[in-house]
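Novice: Right, I'll just put the structure down here and ask away after.
Values in this text are rule-based calculations from the coordinates and carry no lab data. Given the structure is predicted, the values throughout are model-derived calculations rather than measurements. Note that we place each Cβ from the backbone using ideal geometry, even for glycine, and neighbour counts take in every protein chain shown.
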Amino acid sequence: MRVAIIGSGPSGFYAAEALLKRTDEIVHVDMFDRLPTPYGLVRGGVAPDHQNIKAVTRVYEKTAARPTFRFFGNVRLGTDITVDDLRRHYHQIVYAVGNEADRRLGIPGEGVPRCTPATVFIGWYNGHPDYRHAKIDLSVSRVAVVGNGNVALDAARILLRTPAELEKTDIAAHALDALRKSRVREVFILGRRGPEQASFTATELEELGEMEDAEPVVAPSELVGLVIPEAARNKQQQRILEILQSFATRQASVKSRKLHLRFLLSPTEIIGGPDGGVSGLKLEKNRLEVQADGTVTVRGTGETEVLDIGMVLPAIGFSAERIAGVPYDEKARIVANEDGRVVDPVIRSVIPNEYVVGWARTGPQGLIGSHKAASAHVVAHMISDGAGLATRVLPDRNAIIGMLHQRDVKTVSFDDWKQLDEVEMARGVRRDAPRDKIVDVEAMLAILGQH
């Protein structure tokens, strides 16, 4: 049995692990990624001050070391290789392409300078090649981060960390240089719903109170009448509310930077200033309404305020990118699927032997660890659907390599990646950091050409 996995993030590696552990069938897995570097979200999305989370790559290395696994980096689906190519060379295909596009606010003024999607900001400070040249203007003192998930907290935290805190992480060198000169002193995290509905985790929230020179601020008025809805009672939510209450009762400190958490506010307009960039954010106050079925909805009150800020980072969610030949669900903004089986987006009929895992399947939900069971669930479908598939004769296993070489694609193997890994770690030693990332694809390929 031969399987292609497109994408090398957590869900892709967990799918590979489940496939390679099969005892009833020998499975050959070829994993493709458009970048020369593996690990997807772990490398390009997890905040640099969360090195403990990034340690999960050791598990993926064990999967990559299996004899029937191959990694092909620097191969872009839709350009270097097509879906039809994959169908000819593999018995089954797994799309693990993640959510690389961002969701927009859809309000007036969104396109002005210093209104930057959080995806861009996060990619910039994580050294993602796509965003290494992003224009991040940190000359302003106050920033609004729109969203109430972990991504919003990550963005706010990195803005307010001291250079000394950031130096010992694997933050990209260009971002570290810019953040050393940053004038940002206040960040406002704005949630459309109330604190009971916040989607960040207690662990991430608690971390806001542990920064060296930044203080979380929650006005007591934000928590008036705070209760845990019966339908949503759980320990995680209880802990979140307890932490927010502790922030609201903290004594004022001498820390020079402030992180304000505000709720029940929706941006309605980004206001431009004399320089053409962001100078303010118009907000409408919301109220919660409980419906007959017990669900809670948000409704604007018509009451507005203007927040004086110089930058806006929308962090309201992600969506999958459209890829030529891959069915796309326009409404959900994911690969069209039914429980991991890829389907026609219109008539919903199953497309044989094609599957999707991770955020490309569900949208941006679930922490990294949750993808192991979720990917295994989809692999179980692959096993039940794939009886007899291995008898289908395919081109030689190495034919895919010849085809890519004929197209002048400079593929990067997992051994090649390990060389880059060693170079990055050696560079990191100079600033006492885990690594100093290479952020340019051509530079990566040039280094490999020297070895």
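Novice: In segment 418-448, which residues have a backbone nitrogen under 12 Å from the label point lying 7 Å from Thr79's Cα in the Cα-to-Cβ direction?
Specialist: Correct set: 441-442.
Novice: Translational D (Stokes-Einstein, µm²/s) of segment 104-316 at 37 °C and 0.692 mPa s when Rh comes from the Kirkwood sum over C-alpha pairs?
Specialist: 184
Novice: Measuring from centroid to centroid over Cα atoms, what is the spacing of segment 190-218 and segment 327-390 in Å?
Specialist: When both Cα centres are located, 33 Å separates them.
Novice: Still on this structure, I have one more. Which value, in nm² and rounded to one decimal, describes the direction-averaged projected area of the C-alpha convex hull of segment 318-399?
Specialist: Averaging across all directions leaves 6.9 nm² for the Cα convex hull.
Novice: On to the next question. How big is the Rg/Rh ratio for the chain, C-alpha atoms only, Rh by Kirkwood, two decimals?
Specialist: A ratio of 0.99.
Novice: What pairs from Lys255/Lys285; Lys21/Lys372; Lys181/Lys258; Lys135/Lys331; Lys62/Lys168 go past 23 Å between their alpha carbons?
Specialist: Cα-Cα > 23 Å for Lys255/Lys285; Lys135/Lys331; Lys62/Lys168; rest within.
Novice: Show me 21-28, 169-176 ranked by packing, highest mean number of other Cβ atoms within 10 Å first.
Specialist: The peptides rank, most packed first, as 169-176, 21-28.
Novice: Find how much the distance from Glu321 to Ser246 grows on full extension, using 0.36 nm per residue of separation minus their present alpha carbon separation; answer in nm with one decimal.
Specialist: Separation in residues times 0.36 nm, less the Cα-Cα distance, equals 23.0 nm.
Novice: Would you mind computing, in nm to one decimal, how far apart the modelled labels at His405 and Arg287 are, each placed 7 Å from Cα along Cα→Cβ?
Specialist: Each label point is offset 7 Å from its Cα along the Cβ direction, giving 7.1 nm.
Novice: May I pose another question? Any chance you could check the Cα centroid distance between segment 1-71 and segment 114-171 for me, in angstrom?
Specialist: 26
Novice: Here's another thing I want to ask about it. Multiply the residue gap between Arg180 and Lys168 by 0.36 nm, knock off their C-alpha separation, and tell me the result in nm, one decimal place.
Specialist: Computed gain between Arg180 and Lys168 is 3.0 nm.
Novice: Quick query: amide H of Ser319 versus all other amide H atoms, modeled in the peptide plane; which residues come in under 5 Å with a sequence gap of 5 or more or a different chain?
Specialist: Distant-sequence amide H within range of Ser319: Glu100, Ala101, Asp102, Arg103.
Novice: Just the number, please: percent antiparallel of the DSSP beta bridges in segment 104-316, rounded to the nearest 5.
Specialist: 45
Novice: Rounded to the nearest 5, what % of DSSP beta bridges with both residues in the chain are antiparallel?
Specialist: 40
Novice: Order these peptides, 95-103, 434-442, 301-309, by their mean beta-carbon neighbour count within 10 angstrom, highest first.
Specialist: Going from most to least packed, we get 95-103, 434-442, 301-309.
Novice: Sort out for me the Cα centre separation of segment 421-451 from segment 239-315, rounded to whole Å.
Specialist: Cα centres, segment 421-451 to segment 239-315: 40 Å.
Novice: Report, in debye and to the nearest 20, how large the dipole of the chain comes out about its Cα centre when Lys and Arg carry +1 and Asp and Glu carry -1 on their Cβ.
Specialist: For the chain, the charge dipole is close to 200 debye.
Novice: With an 8 Å Cα cut-off and a minimum separation of 6 or more residues, compute the relative contact order for the chain in percent.
Specialist: Relative contact order for the chain comes out at 22 percent.
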